[in-house]
Amino acid sequence: MTEMKRFNKILLLLFMISMMVACTKDFNEINTNPHGFTTASDGSLFNGIIESMVLKGDEQFYINNEILYKQTQLAAVTKDAWGNFTIGTEALWDNYYKTLPSIRELEKRYDAAEPSSSINRMKAMLDIVFAYKTFKMTDLFGDIPVSKAGYGFQDLEYLHPEYDTQRDIYLNMLAKLKTADSLLSDTAVEAEPFLSFKAFDKFFKGDVMQWQKLANSLRLRYAMRMVNQEPELAGEVILDVLENNRPILVGYDLASPVLESACLWPAQSGFKNESLNWSFREHNGLRMGSTLWHLLSINDNGDGSGIFDPRAYIFFEPDGNNLWSAFPQVPDLTTPSSGGVPYGEHRDDAGNFNIKGDNCNYSPFNYFLIRDQDYMPIIFITGAEVHFLLAEAYFRGIGVPADRDRADIEYMNGINSSVDWWKKLSRTLQLPLSALKFKDVVSIPQNLNAASVLNHFGSWIATTDEEFLALIYTQCWIDAFRQPWDAYALARRTGLTPRDGGPLNHFRMPYPPSEYQYNSTNCNAAIARQGGDSPETKLWWAKK
């Protein structure tokens with residue numbers, strides 16, 4: 001036996017042992033077994049898969065904060081890059097491929113089970129989560145192992161899986177989402193094992209309709225993401241969702257706020273999102289950038305008198321001198337450095353809240369947004385984003401007849417729901433140690449609302465098709481403020497998101513070093529097929 005085979009068998013043994021132990025980090029409440037499940041139950045395995053969707057610290061630090069905020073220009077990185085992005089790519093890779101065996105085990109169980117409405121619902125929920133995780137990975141890396149991955153514990157033949165093309169991944173995952181919607185359409189009365197299983201559902205608590213809305217909303221998102229390369233297939237997906245009136249997340253219903261979204265809410269899910277503040281506190285380089293600032297305020301007045309978008313008060317806060325100050329998105333040698341410690345935990349104390357450290361020269365992220373580990377959600381998709389997707393579909397005639405009036409309505413609904421969703425969220429935020437609430441220290445002027453945003457970014461200001469599309473993309477980009485991976489995808493797909501300086505020249509993350517070491521043959525084949533393994537290598541669906 002070679003040393004490599006011996007090493008692989010040891011890894012396999014360790015993995016099988018770990019599968020027998022219940023998850024104990026975070027999600028403590030959902031690891032508690034209220035219905036007598038063993039640690040190998042369907043519910044506990046699904047629990048672990050949901051837990052894997054909590055953003056890990058290294059992903060937030062080295063990928064989101066270090067790279068994606070800079071590339072999307074949703075914020076500014078104010079000091080030289082750390083340069084350790086491989087720590088982040090390893091974290092992403094590790095998270096996905098350590099979760100796949102649990103997904104494969106549940107797939108195996110459901111395939112072997114007697115068909116029933118309960119099994120259908122459980123399978124659909126699993127496939128929706130699987131699809132979301134897979135889309136996120138392929139949209140960061142391009143080709144990745146999927147169809148033959150996650151089976152190594154069942155058959156050693158699959159320890160080094162081949163890579164699937166991104167196109168195949170997209171079509172397969174979109175098919176999974178469509179099937180999931182169909183399976184969830186069964187209106188049979190809930191019964192075991194689903195009645196017990198849904199106690200482990202920390203997304204929607206077993207609400208089948210909400211799962212359907214998530215599945216179809218994701219279908220819209222990823223169909224639109226591939227529209228440049230597969231316009232007919234993208235149109236077919238969008239048409240199927242809209243023509244058949246499939247349930248989708250709703251931000252606004254006519255003039256009424258609904259404000260639906262798919263999120264993991266820490267306090268409701270039994271975990272504390274402790275790595276969130278760590279990633280900002282230790283990085284300490286992110287500040288409000290000039291690109292976004294100039295879309296939230298009509299001028300650079302430090303007193304904030306130019307602000308017309310209430311989301312400015314939710315996303316950011318004044319600098320150490322209590323002035324609104326944006327770091328130049330494209331700084332030069334004369335740009336003052338950014339100092340201070342605006343993300344330090346000392347600010348949890350009400351008496352120290354305004355102490356942001358010496359030379360805090362630029363507006364930091366709002367402290368509540370990056371410190372609240374109980375009520376600040378991990379966002380997967382909002383109803384506002386769905387409205388913006390529909391606005392684009394109707395305006396461009398993708399899958400549906402072009403309809404400018406309907407596009408205008410969806411665009412307005414997107415702004416209404418984004419502004420109201422973020423304002424509603426802000427009212428729930430509080431600091432973990434002092435319980436100081438957002439509303440206790442931040443006062444959003446009453447005249448700032450969706451109407452004040454529309455006064456500056458209403459569709460009527462567009463004089464060309466490209467200008468209207470840019471408005472749609474701009475507001476979708478703003479709504480994705482805490483989803484920089486999705487804003488990154490929007491920028492790469494459209495080339496029309498707000499940007500200062502030169503065009504975007506960063507399109508993917510290189511594969512992690514471990515993949516070169518342990519799956520080199522398949523990794524190298526994927527690299528050759530895609531034309532390289534550098535950030536400049538465009539993904540299959542990116543705007544050419």
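The values are calculated or read from the model by the stated rules, or taken from the named source; none is laboratory data. The model shown is predicted, which means the values in this text are computed figures rather than measured ones. Using ideal geometry, Cβ is built from the backbone for each residue, glycine included, and neighbour counts are taken over all protein chains shown.
Starting from residues that are part of a helix (DSSP H, G or I), touching a residue at least 40 places away in the same chain (Cβ under 8 Å) and over 21 Å from the mean Cα position of the chain (by Cα), keep the ones in the range 199-233 and report whichever is farthest from Y110 (Cα to Cα). Filtering the range 199-233 for residues that are part of a helix (DSSP H, G or I), touching a residue at least 40 places away in the same chain (Cβ under 8 Å) and over 21 Å from the mean Cα position of the chain (by Cα), the one farthest from Y110 (Cα to Cα) comes out as P231. For the range 229-262, a tally of residues being under 24 Å from R167 (Cβ atoms) and modelled with pLDDT under 95 returns 0.
Counting only residues that are surrounded by fewer than 21 Cβ atoms within 10 Å (Cβ to Cβ), in contact with a helix residue (DSSP H, G or I) (Cβ under 9 Å, 6 or more places away or on another chain) and closer than 15 Å to A180 by Cβ, the range 222-244 holds 1 of them. Here is a check on your reading of the model: is K356 in a loop (DSSP other than H, G, I, E, B), crowded, with 18+ Cβ neighbours inside 10 Å and either in contact with a helix residue (DSSP H, G or I) (Cβ under 8 Å, 6 or more places away or on another chain) or at pLDDT 95 or above (or both)? Considered against the rule, which asks whether it is in a loop (DSSP other than H, G, I, E, B), crowded, with 18+ Cβ neighbours inside 10 Å and either in contact with a helix residue (DSSP H, G or I) (Cβ under 8 Å, 6 or more places away or on another chain) or at pLDDT 95 or above (or both), K356 comes out as yes.
Is the range 150-172 home to any residue that is farther than 30 Å from N522 by Cα and of a type in the set (F, W, Y)? Talk me through it step by step, then tell me what you get.
First, pick out the residues of the range 150-172 that are farther than 30 Å from N522 by Cα: none.
There is no residue in the range 150-172 that is farther than 30 Å from N522 by Cα and of a type in the set (F, W, Y).
Residue pairs whose Cβ atoms lie under 9 Å apart, sitting 6 or more positions apart in sequence or on different chains, and linking a residue in the range 362-379 that is under 24 Å from P331 (Cα atoms) to a partner that is assigned to a strand (DSSP E or B) and aromatic (F, W, Y), are Y362/F327; S363/F316; S363/F327; P364/F316; F365/F316; N366/F316. Look at the range 495-519: where a residue is on the phi > 0 side of the Ramachandran plot and a partner is in a loop (DSSP other than H, G, I, E, B) and modelled with pLDDT under 95, sitting 6+ places away or on another chain with Cβ atoms under 6 Å, you get G495/K543; G501/V330.
Provide a single number: the residues in the range 511-536 that are closer than 21 Å to E59 by Cβ and either surrounded by fewer than 19 Cβ atoms within 10 Å (Cβ to Cβ) or aromatic (F, W, Y) (or both). Walk me through it before giving the result.
To start, the set of residues in the range 511-536 that are closer than 21 Å to E59 by Cβ comprises 511-519, 523, 533-535.
Going one step further and asking which of them are either surrounded by fewer than 19 Cβ atoms within 10 Å (Cβ to Cβ) or aromatic (F, W, Y) (or both), we end up with 511, 513-514, 516-518, 534-535.
So the answer is 8.
Residues in the range 140-181 that are aliphatic (A, V, I, L, M), farther than 24 Å from Q483 by Cα and touching an Asp or Glu at 6+ places or on another chain (Cβ under 8 Å): A180 only.
Restricting to the range 396-407, name every residue that is on the phi < 0 side of the Ramachandran plot and buried (at least 18 other Cβ atoms within 10 Å of the Cβ). Spell out how you get there, then give the answer.
Within the range 396-407, the subset on the phi < 0 side of the Ramachandran plot is 396, 398, 400-407.
Within the range 396-407, R396, I398, A407 meet the criteria.
Residues in the range 506-519 that are assigned to a loop (DSSP other than H, G, I, E, B) and either farther than 29 Å from L276 by Cβ or among the aromatic types (F, W, Y) (or both): F507, Y511, N519. Would you call L490 within 29 Å of P310 (Cα to Cα), more than 20 Å from the chain's Cα centre (by Cα) and surrounded by 16 or more Cβ atoms within 10 Å (Cβ to Cβ)? Here the answer is no, as L490 does not meet what is asked.
Among the residues of the range 516-531, is there at least one that is farther than 22 Å from R167 by Cβ and within 26 Å of the chain's Cα centre (by Cα)? Spell out the reasoning first.
Of the range 516-531, the ones farther than 22 Å from R167 by Cβ are 516-518, 520.
Now restrict to residues that are within 26 Å of the chain's Cα centre (by Cα): none.
No, that holds for no residue.
Residue pairs whose Cβ atoms lie under 7 Å apart, sitting 6 or more positions apart in sequence or on different chains, and linking a residue in the range 64-76 that is under 18 Å from I378 (Cα atoms) to a partner that is in a helix (DSSP H, G or I) and of a type in the set (A, V, I, L, M), are L74/L292; L74/A487. If you go through the range 242-259 and keep only what is in a loop (DSSP other than H, G, I, E, B) and out of contact with any Lys or Arg (no Cβ under 7 Å at 6 or more places or on another chain), you end up with N244, N245, R246, V250, G251, L254, A255, V258. The set of residues in the range 359-377 being buried (at least 24 other Cβ atoms within 10 Å of the Cβ) and out of contact with any helix residue (DSSP H, G or I) (no Cβ under 9 Å at 6 or more places or on another chain) consists of Y362 alone.
Those helices (runs of 4 or more DSSP H) of the range 1-82 in which 1 or more residues are closer than 23 Å to R104 by Cα and at pLDDT 50 or above occupy 42-51.
Residues of the range 321-336 that are assigned to a loop (DSSP other than H, G, I, E, B) and either among the small types (G, A, S) or closer than 19 Å to A81 by Cα (or both): S325, A326, P328, Q329, V330, P331, D332, L333, T334, T335, P336.
Give the residue that is surrounded by the most Cβ atoms within 10 Å (Cβ to Cβ), with candidates limited to residues of the range 163-174 that are out of contact with any Leu (no Cβ under 7 Å at 6 or more places or on another chain) and either within 23 Å of S52 (Cα to Cα) or modelled with pLDDT under 95 (or both). Reasoning before the result, please.
First, the residues of the range 163-174 that are out of contact with any Leu (no Cβ under 7 Å at 6 or more places or on another chain): 163-165, 167-174.
Next, from what is left, pick out any that are either within 23 Å of S52 (Cα to Cα) or modelled with pLDDT under 95 (or both): 163-164, 169-170, 172-174.
On the way: Y163: 27, D164: 20, I169: 24, Y170: 25, N172: 14, M173: 23, L174: 21.
Of everything passing the filter in the range 163-174, Y163 is surrounded by the most Cβ atoms within 10 Å (Cβ to Cβ).
The number of residues in the range 408-431 being closer than 30 Å to W278 by Cβ and crowded, with 17+ Cβ neighbours inside 10 Å comes to 11. Would you confirm, using the coordinates I've provided, whether F308 is more than 20 Å from N65 (Cα to Cα) and touching a His at 6+ places or on another chain (Cβ under 7 Å)? Yes, satisfied. Condition test on L490, is it in contact with a Phe, Trp or Tyr (Cβ under 7 Å, 6 or more places away or on another chain) and farther than 29 Å from M53 by Cβ? So L490 fails the test.
For every residue, the table says whether it meets (1) aliphatic (A, V, I, L, M); (2) part of a helix (DSSP H, G or I).
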| site | (1), (2) |
| --- | --- |
| A262 | yes, no |
| Q268 | no, yes |
| K272 | no, no |
| S275 | no, yes |
| E282 | no, yes |
| G304 | no, no |
| A312 | yes, yes |
| D319 | no, no |
| S338 | no, no |
